[in-house]
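Input: a single structure, listed below in structure tokens.
The values are calculated or read from the model by the stated rules, or taken from the named source; none is laboratory data. Note that this is a predicted model, so its numbers are computed, not measured. Every residue, glycine as well, gets a Cβ built from its backbone with ideal geometry; the counts of neighbours run over all protein chains shown.
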Amino acid sequence: MIRLRQNIEQGVNLLISASELVNDDVDILVKLATVILQDLIDRPDYVEKCDAALDRVIDLEPYNSDALFLKGKLLHKQENYERAITYI
């Protein structure tokens, strides 16, 4: 289990590096947010990256349904229900 988590963290770090190189690549940013929400929601440093990635996607594509849904899911996990419902 520890090895799996390490592999996930390595993958996320690669996605973070890729997103920094190509900040406007919506697919990379959505994948990054998806993995963090599924597997690393307990890590505040990764949650900040997730939030920033989703904000960037929404800036680039305000009607991106994946990003809007993930933003709502993130806010829900943070127990910010009033804001979450505006995204989902």
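Listed here are the residues, each with its yes/no results for (1) exposed (fewer than 11 other Cβ atoms within 10 Å of the Cβ); (2) modelled with pLDDT under 95; (3) under 20 Å from Gln78 (Cα atoms); (4) not charged (D, E, K, R).
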residue	(1), (2), (3), (4)
Ile2	yes, yes, no, yes
Gly11	no, yes, no, yes
Leu14	no, yes, no, yes
Ser19	no, yes, no, yes
Asp55	no, no, yes, no
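Out of Asp27, Asp66, Asp59, Asp42, which single residue is exposed (fewer than 15 other Cβ atoms within 10 Å of the Cβ), within 23 Å of Ile8 (Cβ to Cβ), modelled with pLDDT of 95 or more and among the charged types (D, E, K, R)?
Result of the check over Asp27, Asp66, Asp59, Asp42: Asp27.
Criterion first (over 16 Å from Asn23 (Cα atoms) and either within 11 Å of the chain's Cα centre (by Cα) or outside any helix (DSSP H, G or I) (or both)) does Val57 satisfy it? So Val57 fails the test.
Summed over the stretch 46-86, residues that are touching a residue at least 40 places away in the same chain (Cβ under 8 Å) and at positive phi total 0. Restricting the stretch 69-88 to residues that are among the basic types (Lys, Arg) and surrounded by fewer than 18 Cβ atoms within 10 Å (Cβ to Cβ), which is modelled with the lowest pLDDT? Among those residues, the one meeting the criterion is Lys77. Filtering the stretch 75-86 for residues that are in contact with a helix residue (DSSP H, G or I) (Cβ under 6 Å, 6 or more places away or on another chain), assigned to a helix (DSSP H, G or I) and closer than 25 Å to Gln6 by Cα leaves an empty set. Within the option set Ala33, Ala18, being assigned to a helix (DSSP H, G or I) and in contact with a Cys (Cβ under 7 Å, 6 or more places away or on another chain) holds for one residue only, Ala33.
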